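Contents: one structure, followed by commentary.
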């Protein structure tokens, strides 16, 4: 955000993002800035990974952030599925 143009873009774009999320069926559950790394952590609930990608692109995050995202499973859900996973040892 030390770049004036990026700062202004982010300040103008951020209020528009809820409408983009709604259009894409994406729920933003949590948005955090990881200090002092200057990284963001955003937790989404979405119909698919493509909807999250589209939100990040249309929301302008691609202009000022390095993006990576991960699909997640709550640990409680993972434990329900553990017996269906093959073991290797």
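Points worth noting:
- Test: residue in the range 35-42 that is touching a strand residue (DSSP E or B) at 6+ places or on another chain (Cβ under 6 Å), over 30 Å from residue 2 (Cβ atoms) and without any contact (Cβ under 8 Å) to a residue 24 or more places away in the chain: no
- Scan the range 4-29 for residues that are more than 18 Å from residue 57 (Cβ to Cβ) and touching a residue at least 12 places away in the same chain (Cβ under 8 Å) and the total you get is 1.
Every number here is computed from the coordinates shown, using simple stated rules; none is lab data. All values derive from a computational prediction rather than experimental measurement. When we count neighbours, we look across all protein chains shown, and the Cβ atoms used for this are built from the backbone with ideal geometry, even at glycine.
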